[in-house]
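Presented below is the structure to which this report refers.
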Amino acid sequence: MENYLKVLNEDQLKAVTTKSQHVRVIAGAGSGKTRVLTTRIVYVVKDWGIDPRKVLAITFTNKAANEMRSRINDLLPDDAGKVHISTIHSFCVTVLRQDIKNLGYPSNFTILDQDDQKSIVREAYKTLDLDSKKYNTNGVLEYIANMKCAELGVQDAYDRAYNYFEKGKAQIYEYYLKRQEQLYALDFDDLLLWTNRLYKTFPKVREKWQRKFQFILVDEFQDIDNIQYELLNLLTTEDTFLYVVGDPDQTIYTWRGANINIIMDFEHDYRPCETIVLERNYRSTQIILGAANSLIKYNKHRVEKNLYTANEEGSHIIHYKAPTEDDEAMYVAKKILELAKKEEYEFNDIAVLYRSNYLSRSIEKCLIDYKIPYIIYGGVRFYERQEIKDALSYLRMLVSKDDLAFKRIINVPKRGIGNKTIDTLLEHARSNGITMYEAAKDLDYLKKNSIRELVEKIEDWTKRSEEMPLEQILQMILEESGYKVMLEKSDDSKDVDRLENLKELINDMYDYGANNPDSSLDDYLQQVALYTDIQADRSGHFVSLMTVHSAKGLEFKNVFVVGLCDGVFPSEKSMAEGIKGLEEERRLAYVAFTRAKENLFLTESMGYNYATNSSKVPSRFLEEIDDVFIEKAGIKPLTEKITTFDDDEEFTIKIAKKRPKVSIKPGDVVIHDDFGEGVVISVNGNFGDIAFPYPYKTKTMSLNFPKLHKKESN
């Protein structure tokens, strides 16, 4: 046996040396799939004598392609460069550069990046005289992509335009396609679509590429979508050796088009097919794998496997239940310091994972308080996010009314105030030694209805805020400024995350007010300024904070998975989708758990969540983990005692007793701790419209909100 095969375990060796034409490798987390894939390529070249130029390996990231090249170069230095290893988009570029002339395009076509696409859409707004305030650019690009992928042309777009707004999108689509023709340009979706069209329209071109590659290998096969699979099918013949590697239990990108049925049904599409399962994990302890196995078994739509390892059994997984979100973050920070004191752990051995970006807020604050360096992997720090900066600028207008805050909010949401007007305001302010806001109040000098309305709102908010709790101030501004409506009406999927972040900021203000009852809005803003002024340690020694989606493919010695509450993880949206949505969330939790090599911490907190507008309930995924793998810490069930994991000292807290459920209907009188007495106007599920006395007016809120009580009749 060749030396390079001796490092393989029994199942890996079987996967590398199989003689089957169609092979599906189900590679569990940490089972060495990249090693199997690269060794398979080396094996067919060295042992079968296959020309390396006949081998095509498809990956889904440039990083994975580079890693494969490096490994193959170590084992096959003379022939590694002849194997075609690339992302699927790069492969399509190679095909189109050679043969796109058949479709009437030049081979030196331009590839549009996202900025180029946005530029064309903005051109369309001006050329077509469309109000850019009504069209979200990212949403329009998503519309264009959907139309293309559904193979719907311009006339189809117009036929489906049921109102003026949709007609505008159809016009933009038409403009976009014409502009592409003028530029001889293709976007990323076109690379796949045009390659498929080329193969289907010109059989001789397709046959040329089919002859070119006898062996096709595909990595991360669980993430493939229908268009990519069609391309793969067009490349294969009855003589092609097709080898796919993936894990259905790690299909977490269905929202991006990934179709789990492709890997599940592969053995029916390509017959005969050999399926080889890689179950030995080289990453995690047996305790972590046991927990992950016990969780994922609740999914029905999967290929059965049971991860195991030769690694040590390891420590039990810690499930920590905190009384509040801030206590949860404090536990994480203290535990990180405890781990870092051990000589074998650096800060970069530690990751904190969460389901949604807004959950980083309390963690970030605590890490800063404890002087723990961190980075947001693949994201932006909480207080540096666009919508958070906008909201804080609005709040500053009630306190300092400074020029920087005014310039940021003056046209957000859009008020038709152009740069020329803003420059004029700035010049007048400087000439008279006053602020821009004071210049805007000089209505005899500057007559602009939108500016006058904004000034009047700020003056009104300033007065009303004096008697309001902090979190209610922001709620008032977001609703009455139109900022909340702007995000709610947007068709950009990212704006859903922005709304969640703003709800988390409201939660932050509520917590600050509860902990500092005598504090003012100015005090809160000063405190936030301290957090925004902290810079990340870029030396490489930092804790990684990221969403679970961003953590795919990574591993850390110590992993914290925070915010494990129903409605958060699993998400509220996925729970509403039923079994299909829950299974994807469970796969996401499985991915999160299997990022951990040595220690795994699962945390949750009690209390009220403004992002979901409900009281917190522990994640069902915590209950699905077999108890033998878990050690519980924090609040003990049915007691008022809390055990801290750090030192096992006990202390008493006051736990709010669960209120009996009270039926609230239109016409009922309710009492809010802050707003006073109100009348219920309408009820929609768990939410109601309630009319409060001036200055609070009518508000929509959860009827389960802890501060809201039904007035008892005499």
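Some points to look at:
- Residue ID - least open to solvent (accessible area, probe 1.4 Å), chosen from residues in the range 480-514 that are without any contact (Cβ under 8 Å) to a residue 60 or more places away in the chain and more than 30 Å from A145 (Cβ to Cβ): M509
- Within this structure, G49 passes the test of being farther than 30 Å from F188 by Cβ, modelled with pLDDT of 90 or more, of a type outside the set (S, T, Y) and over 28 Å from the mean Cα position of the chain (by Cα).
- Residue in the range 299-322 that is among the hydroxyl-bearing types (S, T, Y), more than 30 Å from I368 (Cβ to Cβ) and in a strand (DSSP E or B) present: yes
- Among the candidates A351, A329, residue that is under 24 Å from the mean Cα position of the chain (by Cα), closer than 20 Å to E555 by Cβ, small (G, A, S) and crowded, with 22+ Cβ neighbours inside 10 Å: A351
- Qualifying residue in the range 243-262 (condition: in contact with a strand residue (DSSP E or B) (Cβ under 8 Å, 6 or more places away or on another chain), touching a residue at least 12 places away in the same chain (Cβ under 8 Å), of a type outside the set (A, V, I, L, M, F, W, C) and in a loop (DSSP other than H, G, I, E, B)): yes
- Pairing residues of the range 379-395 that are within 17 Å of Y483 (Cα to Cα) and among the polar types (S, T, N, Q) with residues that are at pLDDT 85 or above and crowded, with 21+ Cβ neighbours inside 10 Å, at Cβ distances under 6 Å and at least 6 apart in sequence or on separate chains, gives S393/I409.
- Of all the residues in the range 69-88, those that are in a helix (DSSP H, G or I), aliphatic (A, V, I, L, M) and touching a Lys or Arg at 6+ places or on another chain (Cβ under 6 Å) number 0.
- Entirely in the range 107-216, the helices (runs of 4 or more DSSP H) that have 2 or more residues that are more than 30 Å from L56 (Cβ to Cβ) and open to solvent by less than 70 Å² (accessible area, probe 1.4 Å): 114-127, 137-149, 154-159, 164-183
- Selection of first residues in the range 72-86 that are in contact (Cβ under 8 Å) with a residue 24 or more places away in the chain and among the small types (G, A, S) and of second residues that are in a helix (DSSP H, G or I) and open to solvent by 40 Å² or more (accessible area, probe 1.4 Å), restricted to Cβ pairs under 6 Å at least 6 apart or on distinct chains, gives the following pairs, ordered by first then second residue: A80/N73.
- Flag for I409 being open to solvent by 30 Å² or more (accessible area, probe 1.4 Å), β-branched (V, I, T) and closer than 22 Å to D460 by Cα: no
- The range 551-627 holds helices (runs of 4 or more DSSP H) entirely within its bounds, and those carrying 3 or more residues that are open to solvent by less than 10 Å² (accessible area, probe 1.4 Å) and either more than 30 Å from G257 (Cβ to Cβ) or in contact (Cβ under 8 Å) with a residue 12 or more places away in the chain (or both) map to 579-593.
- Given (1) farther than 14 Å from I72 by Cα; (2) more than 37 Å from the chain's Cα centre (by Cα), index of the condition Y43 fails: (1)
- Residue selection: K342 satisfies the criterion of being surrounded by fewer than 19 Cβ atoms within 10 Å (Cβ to Cβ) and at pLDDT below 90.
- Criterion (open to solvent by 20 Å² or more (accessible area, probe 1.4 Å), out of contact with any Cys (no Cβ under 9 Å at 6 or more places or on another chain) and hydrophobic (A, V, I, L, M, F, W, C)) met by exactly one of L307, L337: L337
- One residue from T87, T18, T34 being closer than 30 Å to G290 by Cα and open to solvent by less than 20 Å² (accessible area, probe 1.4 Å): T18
- Restricting the range 667-714 to residues that are open to solvent by 80 Å² or more (accessible area, probe 1.4 Å) and over 36 Å from the mean Cα position of the chain (by Cα), the residue that is modelled with the highest pLDDT: E677
- Checked against the criterion of being open to solvent by less than 70 Å² (accessible area, probe 1.4 Å) and either of a type in the set (D, E) or in contact (Cβ under 8 Å) with a residue 12 or more places away in the chain (or both), the candidates D423, D460 yield just one match: D460.
- Residue tally, condition modelled with pLDDT under 95 and open to solvent by 10 Å² or more (accessible area, probe 1.4 Å), over the range 240-257: 6
The values are calculated or read from the model by the stated rules, or taken from the named source; none is laboratory data. These numbers come from a predicted model, not from an experiment. We place every Cβ from the backbone using ideal geometry, glycine too, and count neighbours over all the protein chains shown. Just so you know, the surface numbers come from the protein's heavy atoms only, side chains and all, with ligands and any DNA or RNA stripped out. Shrake-Rupley method; radii C 1.70, N 1.55, O 1.52, S 1.80 Å.
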